[in-house]
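Here the structure comes first, spelled out in structure tokens, and everything after it is commentary.
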Amino acid sequence: METMYVPAADTIPVAWGWFQFFLLLTFPLHLLTMNAMLGGLAVGVSQHFLGGAVRQRLAHRLALVLPLVIAFVVNLGVAPLLFLQVLYGQFVYTSSILMGMFWIAIVPILIVAYYGAYLYDFRFSRLGALGKWVGLAVLVMLLVVAYFFVNNMLLMSLPEQFNRYFEHRSGTLLASGQAVFLPRYLHMITGALAVGGLFVALVGRYRGGADDELAIHARLVGMRVFFLLTLVNVGFGVWYLISQPRDTMLLFMGGNPLATAVFILALVLVAAVLVTAYRQQLGLTVAGVVVLVYLMSFMRAWLRSDYLEQVFRLDQLQVVPQYSPLLFFLVTLLIGITVIYWLLRKTLEALRDSGATHS
Ligand code: HEM
């Protein structure tokens, strides 16, 4: 019988906790912006299809910010990708190659989607009735990208599946046949669409003063989308949890005290954001959701280490000390954050000044 071996792990320059810390710090930022992108676009396109003056203006407003948000999603994806490769390179490189045909397809799909997003933004009025179809096509492409990401992140945690390569030798192995795949994808995407609702409300708030009708409408639609989809997502979350192997599920039910505490805290927070969203308290809901996405990412990290427990633990990584790259990284990070903060301020000022410019 042909057997596939997982390659040996590389050595790391500082203790694994540093990389895990930065992975868990940056990944939720990728998730939050990804949510704004998918959810914001989904609401924008549906408003565009529904028609009417104020809905049209909201769709236009969302089309205007879309390319900017995509840039943040991609760039905030790079950081966790680097940390993930350092910690789990032997798994994620292997799974990326095993599903290589689809993984590499992400690049052209993203390029076309990005181009489509610019078209939707700059040609919003000139495209007329065609515009909403362009927006819809971009949304579908981004959902396909998310589908491949969920596939890879699941496949990398299931090295026992790697042997199936011999039935799919052309880089077409996927994990979507696994029982946990569908609830994971639905939980991720429904969460994204819900949080995107909050983004819509925020975009509306930003227009307050210049276009009060739009601001009120965006807040109403956004908060409603968030509330309803979060309720639905409680169901998908439960489905995702009970579709885990029994021992993994029990981690969050007393098996691991810290994981259990985080799970309980997350559940309390879900109830809290549902209440604040129902009361239309945007600021509190956004703050609660940011913390919630962090807590859920921590749970996801426990899930991954538990899946891999039989073959690999992070504390098995061998440290060959070399501190200068970490120092260099920290300094670059600080400069980067300052520049991005400055850029964002300039962009927001420019957007405010321009009003509903492009047509
Ligand atoms: C623009 C379209 C994108 C979408 C819709 C998207 C969506 C997603 C989703 C849904 C996940 C979670 C998968 C799961 O755990 O089941 C994810 C994870 C991830 N994404 Fe993205 N992503 C996009 C672009 C990118 C890009 C361009 C990069 C890298 C440059 C990236 C880096 C990552 C990484 C590293 C993870 C996993 C982190 C971890 O497992 O700790 N993403 N993405």
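The values are calculated or read from the model by the stated rules, or taken from the named source; none is laboratory data. Model, not experiment: these values are computed from the prediction. Glycine also receives a Cβ, built like all others from the backbone with ideal geometry; neighbour counts cover every protein chain displayed.
Some observations on this one:
- Residue among Ala117, Ala63, Ala71, Ala42 that is crowded, with 22+ Cβ neighbours inside 10 Å and within 11 Å of the ligand (Cβ to nearest atom): Ala117
- The single condition from (1) closer than 22 Å to Ile109 by Cβ; (2) within 11 Å of the ligand (Cβ to nearest atom); (3) surrounded by fewer than 23 Cβ atoms within 10 Å (Cβ to Cβ) that Leu136 fails is (2).
- Residue count, segment 142-160 (criterion: crowded, with 18+ Cβ neighbours inside 10 Å and over 15 Å from the mean Cα position of the chain (by Cα)): 4
- Lone unmet requirement of (1) outside the structural domain of Pro159 (by TED's automatic domain parsing); (2) of a type in the set (Val, Ile, Thr); (3) within 20 Å of the chain's Cα centre (by Cα) for Thr11: (3)
- In segment 23-32, residue farthest from Gly197 (Cα to Cα) [restricted to those that are within 9 Å of the chain's Cα centre (by Cα) and within 9 Å of the ligand (Cβ to nearest atom)]: Phe27
- Any chance Tyr278 is hydroxyl-bearing (Ser, Thr, Tyr) and buried (at least 18 other Cβ atoms within 10 Å of the Cβ): no
- Contact map, segment 49-70: first residue over 21 Å from Leu31 (Cα atoms), second residue assigned to a helix (DSSP H, G or I) and acidic (Asp, Glu), Cβ cut-off under 7 Å, separation 6 or more or different chains; pairs are Val54/Glu213.
- Of the criteria (1) in contact (Cβ under 8 Å) with a residue 24 or more places away in the chain; (2) farther than 30 Å from Pro183 by Cβ, which one Asp212 fails: (1)
- Close pairs from segment 243-257: first polar (S, T, N, Q), partner assigned to a helix (DSSP H, G or I), Cβ under 8 Å, at least 6 apart: Ser243/Pro183; Gln244/Leu303; Thr248/Leu303; Thr248/Asp306; Thr248/Tyr307; Asn256/Trp302
- Which listed residue is of a type in the set (Val, Ile, Thr) and either in contact (Cβ under 8 Å) with a residue 24 or more places away in the chain or closer than 25 Å to Val92 by Cα (or both), from Val286, Val291: Val286
Residue by residue, here is whether (1) at pLDDT below 95; (2) surrounded by fewer than 12 Cβ atoms within 10 Å (Cβ to Cβ); (3) assigned by TED's automatic domain parsing to the domain that holds Tyr118; (4) closer than 22 Å to Thr26 by Cα holds:
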position	(1), (2), (3), (4)
Gln316	no, yes, no, no
Ile335	no, yes, no, yes
Gly355	yes, yes, no, no
Ser359	yes, yes, no, no
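- Against the test of being away from the ligand (no atom under 16 Å from the Cβ) and free of Cβ contacts under 8 Å to residues at least 24 places away in the same chain, the options Gln322, Gln281 yield a single qualifying residue, Gln281.
- Enumerated helices (runs of 4 or more DSSP H) restricted to segment 239-340, each holding at least 2 residues that are out of contact with any strand residue (DSSP E or B) (no Cβ under 7 Å at 6 or more places or on another chain) and under 30 Å from Met4 (Cα atoms): 246-250, 282-308
- Of the residues making up segment 161-194, just one is surrounded by fewer than 16 Cβ atoms within 10 Å (Cβ to Cβ), among the hydrophobic types (A, V, I, L, M, F, W, C) and away from the ligand (no atom under 16 Å from the Cβ), namely Phe166.
- Taken over segment 196-219, the criterion of being farther than 18 Å from Ala287 by Cα and assigned to a helix (DSSP H, G or I) is satisfied by Arg207, Asp212, Glu213, Leu214, Ala215, Ile216, His217, Ala218.
- Breaking point among (1) among the polar types (S, T, N, Q); (2) surrounded by fewer than 22 Cβ atoms within 10 Å (Cβ to Cβ); (3) within 18 Å of the chain's Cα centre (by Cα), for Gln56: (3)
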